[in-house]
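Read-outs: derived from the displayed coordinates by stated rules, not from any lab. Note that the structure is a prediction, hence the values are computed from the model and not measured. Cβ placement follows ideal geometry from the backbone for every residue including glycine, while neighbour counts extend to all protein chains displayed.
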Amino acid sequence: MKTNTRTRLDRRSITATIAFLGMALSSPGPGTKAWADEPRFVDHSLLVAPEYPCTWPSHPFPRFALIHSRTIGPESAYNCDTLLIDGNTGTQLDVPPHSVARPELNREKSGPLGLAYTDKIEPWQFGGEACVVDVREKLDQAPKGISPLVESKHVERFEKQHRRVRFGDVVLFRSDYSDHYYRPLPAGRRFIADVLDRKAPGYPDPDPACMELLGQRGVLALGTDSASMGPLPNLAEPTHYAGLKYGMIWTEGATNLRELPSTGAFYCLLGPKHEGGPYGEGRAFSIIGGNLPRRLIESCRQKRAIDLSPTLSPKLPLTSPGIGTGNHRQVYLKVDFLYSEYLDMWHHGHLMDAMAGTHLVPPSYALPADDKPIPYAPEIRGWLEAYEKQYGKRGSSRLTTEQIPLDWTCGEARVVDVRSLAGSTKRATWPASPEITVDQLQAYEQAAGPLRPGDVVIFHTGYNDQKLLPDPQSRAFWQDPLAGDAEGWPAPGPAAIVYLKEKGVRCVASDAPDLGGTDPRRALMTYWALGSREMVGVEFLVNVDKIPATGAYFLFAAVKVRDCHGGPGRAIVLY
């Protein structure tokens with residue numbers, strides 16, 4: 001909690017290249033030509049793992065936990081994980097209700113923004129042009145337990161050197177704090193715990209006057225590479241409220257800001273869309289080089305964005321009940337742990353399946369870590385023999401969530417409408433899903449143009465938009481089709497995956513519960529095909545019908561959890 005919270009170089013060119021990159025990355029002025037013609041993704045997220053100081057260390061904040069609920073073997077063909085995680089974990093998002101009280105409470109800090117939870121923030125606000133305010137001179141320049149203050153003069157210095165900050169910018173305070181101090185424990189105590197115990201200087205942060213200046217400039221997104229946006233020991237809440245009352249959101253715990261130019265990069269923070277969340281775990285990244293950053297920045301400035309993720313709520317059927325008793329995935333649960341009397345709100349985390357809501361499917365989900373024989377159940381051994389005879393070796397993979405490059409899950413959106421498949425299966429074959437075939441992909445290409453390397457193919461089934469409903473209607477979403485009482489959702493077969501790989505497509509997405517469908521044999525083959533070809537999936541989208549036919553760019557990022565075989569996240573489109 002914050003307020004309490006591959007380029008080869010010959011030897012002769014190495015020196016010159018390093019010098020050039022150093023100048024380009026430090027602070028090119030306005031209008032400086034990008035140093036690369038192709039866009040490059042830069043990760044600004046802290047690794048989430050139990051031995052890192054990824055959670056707020058004070059009682060009663062829960063410790064992060066990753067539980068490998070099921071592993072590939074006799075009882076499961078998949079690696080399935082459960083997360084215990086709260087919004088103050090790793091790189092994270094703050095939104096106004098962190099400090100602004102709900103309007104009906106009629107308190108001094110009450111207002112409409114007290115209802116602007118993580119599930120209510122408009123998607124255009126998550127991104128913008130990175131304006132990097134260099135405050136490295138403040139690092140460690142304070143007594144133990146006290147934060148060095150970033151002041152209005154630091155923003156004004158940036159403006160004098162570059163340009164005035166404005167709406168559509170993401171102002172990032174770069175002190176390199178996380179780069180220096182986010183380490184495995186016990187050394188990692190220096191990140192937060194030693195500061196709270198007054199054994200080390202605090203992390204640099206803006207004071208309330210700096211926040212007021214930025215609010216008056218119209219800036220609605222900030223970021224810091226400190227552990228929090230709240231200066232210690234007593235300015236955390238005043239600084240938070242000074243910014244959040246303007247409707248600001250911000251990144252806490254960013255890292256690697258040294259990779260950014262002072263202006264011109266596209267910066268974005270995406271994270272799970274928790275119902276009623278005053279903050280949330282997230283994934284921060286930027287895009288540098290070429291024309292793509294300018295295009296995405298302009299989309300955010302013009303508020304041209306579409307949210308493709310459903311709200312995560314215990315009321316909704318967000319995880320599979322499985323086929324047969326005892327085969328369900330962890331249901332999504334809200335875990336209250338600390339009550340704020342002023343906000344009349346429980347600070348909370350979540351116990352959740354790693355594939356709740358919109359999520360990543362990495363290769364390691366269905367592939368074992370090595371090529372040692374797997375003691376699959378006899379039925380699955382038969383499926384594997386049939387698969388390898390037709391599609392080649394299943395293979396192995398250690399590619400878990402944190403290893404998936406960000407550019408694998410972002411790209412030009414290519415929406416393939418497969419809604420016409422609904423009703424095409426016969427009841428006698430259920431549980432079954434209509435299969436998305438190579439013929440349908442080729443028909444799409446004839447109408448919309450060829451698929452290209454780097455495109456993100458999104459299957460528009462319409463299923464989630466129609467059937468993602470709370471109890472008592474929730475049974476129609478998972479249970480009826482899995483039990484054979486209703487037709488399943490359209491899903492690609494392995495042949496379609498192989499075809500997409502041949503086209504250079506690396507990411508396949510769907511607005512259905514998953515890419516496998518309800519036939520367990522075909523589903524497993526589809527996931528084997530994805531994994532063995534080093535492709536990834538993004539499942540459980542909504543609002544796909546709102547994506548323009550051309551000019552839309554798909555962005556998805558999963559929380560950077562080490563060794564995770566899934567990964568909750570947020571998907572948006574900028575157009």
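Would you mind calculating the gained length between GLN473 and ARG136 on full extension (0.36 nm times residue separation, minus the Cα-Cα distance), in nm to one decimal?
Working: separation 337, 0.36 × 337 = 121.32 nm, distance 5.46 nm.
Stretched out fully, the GLN473 to ARG136 stretch lengthens by 115.9 nm.
Remark: the stretch 511-521, residue by residue, has Karplus-estimated 3J(HN,Hα) of 9, 10, x, 7, 8, x, x, 8, 7, x, 5 Hz, where x stands for each Gly or Pro and the curve is 6.51 cos²θ - 1.76 cosθ + 1.60 at θ = phi - 60°. When each of ASP119, ASP371, ASP511 is scored by the number of other beta-carbon atoms lying within 10 Å, the sequence from fewest to most is ASP371, ASP119, ASP511. Using a Förster distance of 30 Å, how high is the FRET efficiency between GLU379 and GLU38, based on the Cβ-Cβ distance and rounded to 0.05? With a Förster radius of 30 Å, E is 0.05.
The residues neighbouring ARG506, those whose beta-carbon lies less than 11 Å from its own, together hold a net charge of 0 under the Lys/Arg +1, Asp/Glu -1 convention. Shown in residue order for the stretch 71-80 are the 3J(HN,Hα) couplings computed by the Karplus curve 6.51 cos²θ - 1.76 cosθ + 1.60 at θ = phi - 60°: 10, 4, x, x, 9, 8, 8, 10, 8, 10 Hz (x for Gly and Pro). Spin-label model, ASP485 to GLU75: label points 7 Å out along the Cα-to-beta-carbon direction sit 2.7 nm apart. Stretching VAL438 away from ILE323 to a fully extended chain increases their span by 38.6 nm, per 0.36 nm per residue minus the current alpha-carbon distance.
One decimal place: the segment GLN216-ALA386 gains 54.8 nm when fully extended, by the rule 0.36 nm per residue minus the C-alpha distance.
Taking the DSSP beta bridges in the chain as the whole, what percent of them are antiparallel, to the nearest 5? Write down the numbers at each step before the final one.
Values: 54 of 86 bridges.
The antiparallel proportion sits near 65 percent.
Looking at the stretch 357-574 alone, DSSP beta bridges between its own residues are antiparallel in about 50 percent of cases. In plain terms, the residue of PHE61, PHE126 with the fewest other Cβ atoms within 10 Å comes first and the most crowded comes last, giving PHE61, PHE126.
Neighbour counting of Cβ atoms within 10 Å sorts the residues SER313, SER147, fewest neighbours leading, into SER313, SER147. As a calculated quantity, the FRET efficiency between ARG452 and LYS393 at R0 = 22 Å, using C-beta atoms, amounts to about 0.20.
Among the GluC sites (Glu not before Pro) in the stretch 217-306, none is located in a DSSP loop while being surrounded by at most 12 other Cβ atoms within 10 Å of its own Cβ. At an R0 of 41 angstrom, the distance between the Cβ atoms of GLN161 and GLU298 translates into a FRET efficiency of 0.95. Please work out the C-alpha center-to-center distance from the stretch 386-441 to the stretch 124-194 and express it in whole Å. Rounded to whole Å, the Cα centres lie 42 Å apart. The simple spin-label model puts a point 7 Å past each Cα toward its Cβ; for ASP197 and ASN234 those points are separated by 2.5 nm.
The phi torsions of the stretch 542-552, fed into the Karplus equation with coefficients 6.51, -1.76 and 1.60 and a -60° offset, translate into couplings of 9, 6, 5, 5, 8, 6, x, 5, 9, x, 9 Hz, rounded to whole numbers, with Gly and Pro shown as x.
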